[in-house]
Every structure is written in C-alpha cells, then in structure tokens.
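The values are calculated or read from the model by the stated rules, or taken from the named source; none is laboratory data. Note that the structure is predicted; figures quoted are calculated from it, not measured. So basically every Cβ, Gly included, is an ideal-geometry build from the backbone, and we count neighbours across all protein chains shown. Note: accessible area is taken over every heavy atom of the protein model, side chains too, but ligands, DNA and RNA are not part of it. Shrake-Rupley method; radii C 1.70, N 1.55, O 1.52, S 1.80 Å.
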Amino acid sequence: MNDFVMPSLGADMDDGRLLEWYVKPGDAVKRGDIVALVDTDKAAIEIEIFEDGVVSELLVPEGEKVPVGTPLARIGGSGEGAAGGMAATLPETPPAVAPETVIETVGKPVPPEVPVTQAVSSVHATPAARRHAQERGVELSDVSGTGRHGTVTKADVEAVAKELEATLPAEPEPQPKPSRKRISPLARRLVKELGLDLATIEGTGPGGTVTKADLERAAVPAVPKPEPKPAATRVEPVKAESSPREQKQAAMRRAIGAAMAKSKREIPHYYLSNRIDVSRSLSWLEEENLERPITNRLVPAVLLLKATALAIREVPEMNGFWLDGGFKPSEDIHLGMGISLRGGGLIAPAIHNADQKDLDELMADLRDLVKRSRSGGLKSSEMTDATVTVTNMGDLGVDLVYGVIYPPQVALIGFGKITDQPWVENGMIGARPILTVTLAADHRASDGHRGGIFLTTIAKVLQDPEAL
Amino acid sequence: MTENQIKDTVFTALKDVAPEADPSSIDPDENIQDELDIDSIDYLNFMMGLHEKTGVDVPERDYAKLATINSAVSYLVARVG
C-alpha cells in the first residue's frame, strides 16, 4: 500500500487545490495515467501517477487545498508495493518532511529575512538531523541550517526544539493529533512582538498551522495598531476585499518571488553573452517554410531550441540540478520553456528529450505546450522534470536577457530579438540578422570557461541549420 | 462565407489562442499581437486556426497583412469563396 501524494510541481509551489479526481476507489491505474487535476497558483495541471496499482481510497476530496506532500490517495495491489514515492516529486523534495511543510498562507508579504523557500520543498538536512527532527517533532522547514550550504544539522534541530518547548503552552490541549501548535517562523516571531498568548490563538492554516493572518486577527482587539520596531516585520492590514483572481495573482507573485529569492540568495550566478549571426539559419528557414503548408511551418525559436539542446550535449555542466551540496547532472535533456501567462506570471513546462527530436517534433511540442499553457492540460511530469530552462524574449523586442536560474537547475539560457545589425566578416562590413544569446549559470556547477564553450557551440551549430 | 461569418471565425480562432481575452472588445484596427499580448507561437496557432476553419493557407510573407482584425477579415474575404 502506497500513498499518492500532492506532488511538488516546481520549486515555487507550496500547495495545490485538488480540482478533480479522474479515478475512483477500485480503479486500476498504470504508470503515467492522469489521475487528478490540481490547481497550483499558476495553472491547472494534470497529475500523473508513477506506479501501477489499484486505487483503494481517495483521501482528499475535490475542492480541497493541501500542502505539497499531503497523501491524496492510497494505492495498493501493485505487487511488492515497492518503496519510493508515487508522485511526480522533484528530486529534492524530502518525502519525510514535505507533508509537514509549514505554509505561509495567502494574503501577506513575506519579509526577505524569513527563509521561506526552505519551507517549500528543499530542506537539506543531515540524516541525523532528520531522525532527530522526527523524534523531537520539529518541522525541518522551521529550522535554518548552519551547516555547509545551509544544511540543517542535528544541533540546529535541537535548538529549534528547545525554542519550541519554551514557546509552547505547558499543558498541551487534549487533542490527540496536533501534539503542538504548528506555527510558521514568521508568525512565531510576531507572537513575541505582539505579546500574544499562542495557546489562545486558533490556527487556520494548513493542518491547523497558526499563520500571520491568525495573529493579526488575534492582535486586533488588544493592539489596534501595532507599531513595528525598526527592521521588524510590518503587519499589513488584511485586505478585506480582493477577488479570487486577485488572490490567485498575489499567490503566484509570492510563489515566483520565493523561488527567485532563493535563486538569488543561494546560487552564485555568472553571466555570459554571445552575439550570433543567424543569417544562414534564417534563410534556410525561409526557404524551408516556402515549401511547407501552414501546419508544418517552423519558427526560428525551434532552431534555437535544437541548437541549445545539442550544445548541452557538448557541455553537460549546464544540465541538471544542484542538490544536497552537489551537482547532479542529468542524462536527459528536458528543456523548460519559459512561457509567460497573459495576465501575469510565468511557467516553465518541459519539452522532453529535446536533443533527440527533429525540428518538426520540436515545433509540434512547442506549439502544443504554448497552447496548453494558455488553455489548460499541462501534465505534472512536464512541470517537474525540466533540467534547464530556456527563455525566448525576442517577441517582446528584448535585446538581451539577464536570467535568474530556476532552482534547483543550474543554468538559464536567454534569447533576445533578432535584429539587423552591422557585422564584420572577412574584413567586410555588412548588415546581418543578429541574435544575442545569454547564459546565466551556477558557478558551483561550472565556470565561465565552460559557459563560453557552451555559447560558442550554440553559435556554431546555428551556422549549419541543415544539420539541426 | 459572409464577411460576418469570417469575422466570427477570426474571433473564434483568437479565442482559441487567448481564451481569457475578448476579441470583440479590442480596436479592430490595432495590432492583434499587441492588443492581446500574444507571442509568435500563439500567432502561428492563430494562423493555423484560420486555416482549419477557412481553408486559407496564409504564406509566411503575408502574416503582416493579417496584423489587425479588420485587415485579417479583408484578407480572408478576398480568398474565401
């Protein structure tokens, strides 16, 4: 018997709302079957199951919002009941911790000093720390790590455990399950600042977590206008009226903010750019498209994607994940496509095995991905397994992209607009269509020298479009 | 197809690539890509939608002639029987 859990569909996802079950108890499921539709802050995603079995019980009703890692269904009858998660979790998601993840709830800004992304899905902890956390009932996501690369150590866990004991009411309430009040780090600090009694506050967050909003409610009668100390967290009044759409927007901005803050905080980015003469690629494409009916026509972006995928083969340090203090290169090349959502926000679903696909297949994939990003139907595997991200901002007229890496990936490739520019070749000056490609890469995984070879390889490959 | 039917077809094709947009609310003489904030892939999907619905295969060099709703309608009216 295995639990099928709410998957993490990206480093920026805290929780998801189960919109619809596509299976019911008794149904047989196969690896890759779409079993549910989940709404994240960004889009409704079709969730695939990753093992064969029979659905024995649905644990979460339709319409409910639950944190990443929450068991959604019980799956049985798949022979041995092999170990390992049933869900499409990101490699770094620690299954032991995720169900307990403390979520900063909707409707408030997150101050930069709160290690919020540690609460998302990527808590790195030593095995001893994990064991100790379980024994002491401490959420790893509540612990800020002092070890290498912010790894949580046993001592860190013990410190938080002590702090919790001090904060908790001496006599726990007689509820059997929540043995202690769950509270986010930010909220815990506010309890002290506002002089509140934690025991009297009802938690309304996931799993009864006491959230900042709960504290604000609790604080209102006693402290009508809390005067924040300098550098302390400002308590924003809870916005009374905001539409579901606005709330969703706000949630998406927070999710993107958390992932990008983590990226900027933890990843030592380096940036390189390369101007590429794409005249050969474009004239080849123009001729090619003349012969093609509209249904088979290619866009320049497809050549860029293929060139990127081929260059990654040459420089594999750009492809994979930085996890647990080390680079885990990926064998497969799954290009995450930065796709902006109209109305705000962006997602980066993957085109799988881009290096092995021909231009027609890539074109079909790209069109399909954009279409489904607009109108729904993205699958969980597409959302979770991109090994590197590509963003093409040429449509907007952007010359040069300064990328922010999407953790735990280690590189982001940006393409700008193709414009006619003066270009010198063999001592002759002429006007050529020029494209600037940029690389933002993780200095822990690679150096500028390799990054340079990577960009040069993209440029070289684009000079021979027939070979793409 | 009448001009009105073609206009409806253009709206339907646009709704397919920009489900949240209301094509009838935009200025029919403004650039569709700018007005609806759609990218080149969306635009290609739009062209393919028109092809599917009208049978007109717009060559790449003519894309600019379908930049606005009014120009797209005139372009298609001239080519649909």
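Given a 1.4 Å probe, show me the residues in the range B:37-52 buried by at least 50 Å² of accessible surface when comparing the whole protein assembly to the chain alone. Flagged in the range B:37-52: B:Ile41, B:Leu44, B:Asn45, B:Met48. As a calculated quantity, the FRET efficiency between A:Lys162 and A:Met1 at R0 = 41 Å, using C-beta atoms, amounts to about 0.65.
Computing the accessible area with a 1.4 Å probe over protein heavy atoms, can you report the carbon and sulfur percentage for chain B? Answer for chain B: carbon and sulfur cover 45 percent of the accessible area.
How big is the charge dipole of the range B:3-79 about its Cα centre, in debye rounded to the nearest 20, if each Lys and Arg gets +1 on its Cβ and each Asp and Glu gets -1 on its Cβ? Mind showing how you got there, number by number?
Details: 6 positive and 17 negative charges, 89 e Å.
The calculation lands at about 420 debye.
Distance from the alpha carbon centroid of the range A:250-267 to that of the range A:325-394 works out to 19 angstrom. Dipole of the range A:268-467 (Lys/Arg Cβ +1, Asp/Glu Cβ -1, origin at the Cα centre): which of A:Gly336, A:Ala445, A:Leu285 lies farthest to the positive side? With unit charges placed on the Cβ atoms, the residue in question is A:Gly336. Taking 7 Å steps out from each Cα toward its Cβ at B:Ser40 and A:Lys264 produces label points 3.0 nm apart.
How high is the FRET efficiency between B:Asp8 and A:Ala364 when r is their beta carbon distance and R₀ equals 41 Å, given to the nearest 0.05? Don't skip to the end; give the middle numbers.
On the way: r = 28 Å, r/R0 = 0.68.
Efficiency for this residue pair is about 0.90.
Residues of the range A:318-348 whose accessible area (probe 1.4 Å, heavy atoms of protein chains only) drops by at least 40 Å² once all protein chains are present, relative to their chain alone: A:Arg342.
Ignoring ligands, DNA and RNA, how much accessible area is buried between chains B and A, both sides summed, with a 1.4 Å probe, to the nearest 100 Å²?
Working: alone 4720 and 22260 Å², together 25190 Å².
Separately minus together, B and A give about 1800 Å² buried.
Carbon-plus-sulfur fraction of the accessible area of the range A:27-82, 1.4 Å probe, in percent? Ligands and nucleic acids excluded, carbon and sulfur give 48 percent. Cross-link pairs exceeding 22 Å between alpha carbons, from the set A:Lys306/A:Lys460; A:Lys417/B:Lys53; A:Lys30/A:Lys328; A:Lys264/A:Lys328: A:Lys417/B:Lys53; A:Lys30/A:Lys328. Taking the Cβ-Cβ separation of A:Leu341 and A:Glu466 as r and a Förster radius of 45 Å, what is the calculated FRET efficiency to the nearest 0.05? It comes to 0.80.
Contact-buried residues of the range A:360-392, at a threshold of 40 Å² lost accessible area versus the chain by itself: A:Arg367, A:Val370, A:Lys371, A:Arg374 (1.4 Å probe; DNA, RNA and ligands ignored). Quote the charge dipole size of the range A:268-467 about the Cα centre in Debye, to the nearest 20; the model charges only the Cβ of Lys and Arg (+1) and of Asp and Glu (-1). Its charge dipole is roughly 560 debye. Each residue of the range A:264-274 was assigned a 3J(HN,Hα) from its phi angle through the Karplus curve 6.51 cos²θ - 1.76 cosθ + 1.60 (θ = phi - 60°); the sequence is 5, 6, 9, 9, x, 6, 10, 10, 9, 9, 8 Hz, with glycine and proline shown as x.
Rg and Dmax of the range B:2-70, both derived from C-alpha coordinates alone, stand at 10.9, 29 Å.
In debye, nearest 20, what is the charge dipole magnitude of the range A:317-386 about its Cα centre with +1 on Lys and Arg Cβ and -1 on Asp and Glu Cβ, if you could check?
Details: 8 positive and 12 negative charges, 118 e Å.
Magnitude of the dipole: close to 560 debye.
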